1. Any idea how many residues of the range 322-368 are among the aromatic types (Phe, Trp, Tyr) and assigned to a helix (DSSP H, G or I)?
2. Hey, Val84 hits all of (1) crowded, with 21+ Cβ neighbours inside 10 Å; (2) within 12 Å of the ligand (Cβ to nearest atom); (3) closer than 27 Å to Gln291 by Cβ but one; which does it fall short on?
3. Could we say that Thr78 is of a type in the set (S, T, N, Q) and within 16 Å of the ligand (Cβ to nearest atom) here?
4. Could you go through the range 306-316 and let me know if any residue there is under 19 Å from Val134 (Cβ atoms) and open to solvent by 50 Å² or more (accessible area, probe 1.4 Å).
5. Taking the stated definitions as given, is Gly170 open to solvent by 50 Å² or more (accessible area, probe 1.4 Å), away from the ligand (no atom under 16 Å from the Cβ) and in contact (Cβ under 8 Å) with a residue 12 or more places away in the chain?
6. Pick out, from the range 64-141, the strands (runs of 3 or more DSSP E) lying fully within it that include 1 or more residues that are acidic (Asp, Glu).
7. Would it be correct to say that Asp232 is open to solvent by 60 Å² or more (accessible area, probe 1.4 Å), more than 16 Å from the ligand (Cβ to nearest atom) and touching a helix residue (DSSP H, G or I) at 6+ places or on another chain (Cβ under 9 Å)?
Amino acid sequence: MAGYIPYGRQSVTEDDIAAVVEVLKSDFLTQGPVVPAFEEAVAKISDARFGVAANSATSALHMACMALEVGPGDSVWTSPLTFVASSNAALYCGASVDFVDVDERSYNMCPERLAGKLDRAASEGRLPKVIIPVHLTGQSCDMAAIHAAASKYGVRIIEDASHTIGGAFGANPVGHCEYSDIAIFSFHPVKIVTTGEGGMAMTNDPELAERMRAGRSHGITRDPALLERVDDGAWYYEQHSLGYNYRMTDINAALGLSQMDRLADFITRRREVAATYDAAFADMPVMTPWQHPDAASAWHLYVIRVDAARHRAVFDHLRAVGIGVNLHYIPIYLQPYYRKLGFSPGFCPNAEAYYAEAISIPMFPTITEEQQQTVIAEVAKVVCA
Ligand SMILES: *Cc1c(COP(=O)(O)O)cnc(C)c1O
């Protein structure tokens, strides 16, 4: 459609393309030098010791759950307002999942609700092994508060930071893992930095990094220090666990590495776009995204809320005029697959109230001023009618 404005879009430059072409002409399309270089670049900006790249954030979430030894009989808790991958990763390991309702303002896992639910679970002997808080829209959860609640019971933490590379909370860049075991970034094209498909697990724990590296490549190691038997020769390797092929290619990593040079510019531009929306909607019956005073969002998404009675009409109007709005997300437990696991409507009231009102409007660094004014004018037409 001419003039179609998507809710999110990648930015790919000639430099990005040249970086990919260079790999295509090199000796290694995969398992070459560019994946480790990309891992280092992401570790550097997020202030984590290790980055373990994977072919998607979903794979990275699965590797992270495996590294924390999530298995049958275990329970994993996440937010209901996230992509299904956050909880599917636990199901892949044979664990059960449960959900902690979100804070009504930030839409992130509520630390107080988490603490209360953990106290009840402890008294009933059904504590989760791992929790997966999600930094929705690019705004970090209050990780210090979440960590305080979880560490009281020895519960491990994986941050789903798929929306949030380049974001910060207080002095800490997202991904530094001070208050978690592992943090996961996604490099899908609608996210902030892209590799086409791809993800990365950040950690400060060398053992978890090693387990995730094994998990992404069949559970195989060649590290002489880790071999169980005397090696048979230079070809020798050992499989110690059941891993997968979750490797990222050097082709994908080259795109990501080249994009990392522009991460700061991406975030600056996303903040400008958010500020323009904030100002434009201030006098309209539109709820703009609340920001925690300590959070510096990466602004993956810009979510407005409108009166539930008009929600469908606003959404349908915007789609009809070529504005690719979306809704992030349908509370996971309302999915038919999850209802069959025993969940039903009413379980997380804050998440459901959000779902009745939320709309993700276009937010990406290359959106033009004119496109943004079109979005604002079309929203105004329906909400101010
Ligand atoms: C995109 C996303 C994922 C999955 O990422 P992929 O790289 O597509 O596998 C997981 N969690 C959240 C919150 C996401 O937004």
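1. Pass one, the range 322-368, residues among the aromatic types (Phe, Trp, Tyr): 329, 333, 337-338, 343, 347, 354-355, 364.
When the remaining residues are screened for being assigned to a helix (DSSP H, G or I), the result is 333, 337-338, 354-355.
Selection size over the range 322-368: 5.
2. Of everything listed in (1) crowded, with 21+ Cβ neighbours inside 10 Å; (2) within 12 Å of the ligand (Cβ to nearest atom); (3) closer than 27 Å to Gln291 by Cβ, Val84 misses just condition (1).
3. Numbers: of a type in the set (S, T, N, Q): yes; within 16 Å of the ligand (Cβ to nearest atom): yes.
Yes.
4. So the first thing to find is which residues in the range 306-316 are under 19 Å from Val134 (Cβ atoms), and the list is none.
Checked against the condition, which is being under 19 Å from Val134 (Cβ atoms) and open to solvent by 50 Å² or more (accessible area, probe 1.4 Å), the range 306-316 yields no hits at all.
5. On the way: open to solvent by 50 Å² or more (accessible area, probe 1.4 Å): yes; away from the ligand (no atom under 16 Å from the Cβ): yes; in contact (Cβ under 8 Å) with a residue 12 or more places away in the chain: yes.
Against the criterion (open to solvent by 50 Å² or more (accessible area, probe 1.4 Å), away from the ligand (no atom under 16 Å from the Cβ) and in contact (Cβ under 8 Å) with a residue 12 or more places away in the chain), Gly170 qualifies.
6. Working: elements: 75-78, 96-99, 130-132.
Per the criteria, 96-99.
7. Working: open to solvent by 60 Å² or more (accessible area, probe 1.4 Å): yes; more than 16 Å from the ligand (Cβ to nearest atom): yes; touching a helix residue (DSSP H, G or I) at 6+ places or on another chain (Cβ under 9 Å): no.
For Asp232, the condition - open to solvent by 60 Å² or more (accessible area, probe 1.4 Å), more than 16 Å from the ligand (Cβ to nearest atom) and touching a helix residue (DSSP H, G or I) at 6+ places or on another chain (Cβ under 9 Å) - is not met.
The rows are residues; the columns are (1) hydroxyl-bearing (Ser, Thr, Tyr); (2) surrounded by fewer than 17 Cβ atoms within 10 Å (Cβ to Cβ); (3) in contact (Cβ under 8 Å) with a residue 12 or more places away in the chain; (4) within 21 Å of Thr30 (Cβ to Cβ).
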| site | (1), (2), (3), (4) |
| --- | --- |
| Tyr236 | yes, yes, yes, no |
| Tyr244 | yes, no, yes, yes |
| Ala254 | no, no, yes, yes |
| Asp265 | no, yes, yes, no |
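The values are calculated or read from the model by the stated rules, or taken from the named source; none is laboratory data. Given the structure is predicted, the values throughout are model-derived calculations rather than measurements. Reconstructed Cβ throughout: ideal geometry from the backbone, glycine too, with neighbour counts over all protein chains shown. Please note that ligands, DNA and RNA were not included when accessible areas were found on the heavy atoms of the full protein model with its side chains. Shrake-Rupley method; radii C 1.70, N 1.55, O 1.52, S 1.80 Å.
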